[in-house]
């Protein structure tokens with residue numbers, strides 16, 4: 001499902017105008033992005049937790065040349081699914 005299909009489905013399910021659904025989803029994503037940029041942990045009940053973690057610098061080896069390279073530190077977005085979502089997924093969504 002792409003973004004356009006998702007918005008259309010959400011709009012139809014909630015009987016909400018398509019234009020307003022697009023705007024609502026845009027504001028939601030903007031707010032989530034803003035919270036994560038500020039370094040906050042975002043928990044959505046029955047869905048999961050989003051967190052930005054710092055990955056330390058490390059040395060990696062190119063297997064074909066044997067050359068060692070330093071990978072600089074970086075920030076990475078992580079997601080941990082809630083137990084409710086994991087359980088529902090394992091059952092095929094028929095819970």
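Observations on the model:
- Set 12, 67: member being surrounded by 10 or more Cβ atoms within 10 Å (Cβ to Cβ) and out of contact with any helix residue (DSSP H, G or I) (no Cβ under 7 Å at 6 or more places or on another chain): 12
- Within the range 22-43, if we keep just the residues that are in contact (Cβ under 8 Å) with a residue 12 or more places away in the chain and surrounded by 12 or more Cβ atoms within 10 Å (Cβ to Cβ), the residue that is farthest from residue 9 (Cα to Cα) turns out to be 36.
- Of all the residues in the range 45-95, those that are part of a strand (DSSP E or B) and either more than 22 Å from the chain's Cα centre (by Cα) or assigned by TED's automatic domain parsing to the domain that holds residue 28 (or both) number 8.
- Which listed residue is farther than 23 Å from residue 3 by Cα, surrounded by 10 or more Cβ atoms within 10 Å (Cβ to Cβ) and touching a helix residue (DSSP H, G or I) at 6+ places or on another chain (Cβ under 6 Å), from 52, 60: 52
The values are calculated or read from the model by the stated rules, or taken from the named source; none is laboratory data. All of these numbers come straight from a predicted model, not from anything done at the bench. Here Cβ is always computed from backbone atoms with ideal geometry, including for glycine, and neighbour counts include all displayed protein chains.
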